[in-house]
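Encoded as structure tokens, the structure appears first; notes follow it.
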Amino acid sequence: MNADHPLQVVACRHWRVAMPFREALKWGSGARPAANRLIVEVTLANGTKGYGETICLLEFIEPVLVKTILPIALQYRATDVEKLHRHVLGAGYYHHKRAAVMALAAVEMAFWDAQGRHSGMPLWALWGGAYRQQVEVAAYLFGTHAPSLRENAARFLDAGYRSFKVKIGMDEASDLSNVEAVRGTVGSLPLRADVNGAWTPGTARRSLEKLRAFDLQYIEQPLELDDLLGHAQLRQMQPVPVALDESAYTLADVGNITRMGAADVVLLDPHEIGGLWQTIKAAAIAESSGIPVTLHSGGELGFSQSAYIHLAASIPNMSISIDSERAYLSDDVVTDTPRLQGGCFALPDQPGLGVEPDFTKFDRYQTDRIDGAYLDASRPGWFATKPSY
């Protein structure tokens, strides 16, 4: 470590927070009452601070951050994002990439934020400039109660949203009724459905035939995440485009998806691939095969939401509206929360991520537990199986 260099990382600290949702978000793998997130601060030798955030749905993520990634980060400068990533993999995680990516993402984001703050440039300017001036967001719809889905879809429509996503994969009957309820409300606007890997190949064929009349923009993760061959075959036998999310965690995953011809759309997530730079690289892999990409949502707070806007603004083939659960969050941990207007985010022009920490909110929402990411407290003994039916 050369502490004389102005961009050398000299200190790190972190917080674990739980931001309550306005209502529990129900999906095919459980019910989530809150967005569980890790926030990281890095301090450089010149006094510049950078902030990063990641999803924290499982108990191993924080120990990986504390015991492996933060000590490695202290060996580098804020510009060394590629070395940071490779060093973490070299610490044994090349065998277990999915165990490292979420913790790594928070530190890597903080490196980028510190770089941007030091240079006085927003992140999109560091990544080749702004390809688009605003970022469209899809309205996200949860649950299986058709009247509530219609009401929520109408509310989003009135707020200016022009793209919609509905969760399915809870049971066979609601797969059809959920899509039917939303399509009947939003008319011909783009609508996609997310199965979260709940279908068998046979169920996928039958269900997509039933859903054919609703003109889905795409069907997301219809089969188990490991089944790239099944997804490739499903693409060939029916007309609904196939999107992969859980199958596309790592850079190697995205490479395998394109080689296998397993997807028409790829959902990326910087927290699930190990950082913002890895997301840009993955998008380029997809772009080389003519595949559009978008972003998966896991309840991003202000740091990550701002990072999403920078990514979507600068990546040419991120041409599909991004996912966001922002409408369900009860609060935020930054002082200048990214604002949605008419279903779109405006392009930020402040240095780095463009948001500032609100430490009073860090304290208010700090937690030492993870509540209900994949289980449902209202159904003791229940757990998701994939595929489910």
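Go through the residues of the stretch 232-245 one by one and say whether even a single one is crowded, with 17+ Cβ neighbours inside 10 Å, within 28 Å of residue 52 (Cα to Cα), touching a helix residue (DSSP H, G or I) at 6+ places or on another chain (Cβ under 9 Å) and of a type outside the set (Gly, Ala, Ser). Scanning the stretch 232-245, I find at least one residue that is crowded, with 17+ Cβ neighbours inside 10 Å, within 28 Å of residue 52 (Cα to Cα), touching a helix residue (DSSP H, G or I) at 6+ places or on another chain (Cβ under 9 Å) and of a type outside the set (Gly, Ala, Ser), so the answer is yes.
I'd like the full set of residues that are surrounded by fewer than 19 Cβ atoms within 10 Å (Cβ to Cβ) and either of a type in the set (A, V, I, L, M) or farther than 18 Å from residue 280 by Cβ (or both), limited to the stretch 73-111. Matches in the stretch 73-111: 74, 75, 87, 89, 90, 91, 92, 94, 95, 96, 98, 99. Restricting attention to the stretch 119-154, the residues that are farther than 23 Å from residue 77 by Cα and free of Cβ contacts under 8 Å to residues at least 40 places away in the same chain total 10.
If only residues of the stretch 314-345 that are within 30 Å of residue 194 (Cα to Cα) and among the charged types (D, E, K, R) are counted, the one that is surrounded by the fewest Cβ atoms within 10 Å (Cβ to Cβ) is 339. Of the residues making up the stretch 317-346, those that are farther than 29 Å from residue 167 by Cβ, touching a strand residue (DSSP E or B) at 6+ places or on another chain (Cβ under 9 Å) and of a type outside the set (S, T, N, Q) number 0. Looking across the stretch 157-197, the residues that are β-branched (Val, Ile, Thr) and within 19 Å of residue 242 (Cβ to Cβ) come down to 166, 168, 179, 195.
Is there a residue being outside any helix (DSSP H, G or I), of a type in the set (D, E, K, R) and buried (at least 20 other Cβ atoms within 10 Å of the Cβ) anywhere in the stretch 346-354?
No, because not a single residue in the stretch 346-354 is outside any helix (DSSP H, G or I), of a type in the set (D, E, K, R) and buried (at least 20 other Cβ atoms within 10 Å of the Cβ).
Restricting attention to the stretch 286-304, and to residues there that are closer than 14 Å to residue 352 by Cβ and of a type outside the set (Ser, Thr, Tyr), which single residue is surrounded by the fewest Cβ atoms within 10 Å (Cβ to Cβ)? Result: 302.
Select from the stretch 3-54 the residues that are surrounded by 15 or more Cβ atoms within 10 Å (Cβ to Cβ) and polar (S, T, N, Q) and write down the one among them that is modelled with the lowest pLDDT. It comes out as 29. Checking each residue in the stretch 329-345 for being out of contact with any Gly (no Cβ under 9 Å at 6 or more places or on another chain) and either assigned to a strand (DSSP E or B) or at pLDDT 95 or above (or both) picks out 330, 331, 345.
When you go through 194, 215 one by one, which is the residue that is at pLDDT 95 or above, acidic (Asp, Glu), crowded, with 18+ Cβ neighbours inside 10 Å and out of contact with any helix residue (DSSP H, G or I) (no Cβ under 6 Å at 6 or more places or on another chain)?
Of 194, 215, the one residue that is at pLDDT 95 or above, acidic (Asp, Glu), crowded, with 18+ Cβ neighbours inside 10 Å and out of contact with any helix residue (DSSP H, G or I) (no Cβ under 6 Å at 6 or more places or on another chain) is 194.
The values are calculated or read from the model by the stated rules, or taken from the named source; none is laboratory data. If you're wondering where the values come from, they're calculated on a predicted model, not measured in any experiment. Cβ coordinates were reconstructed from backbone atoms using ideal geometry, including for glycine residues, and neighbour counts include every protein chain displayed.
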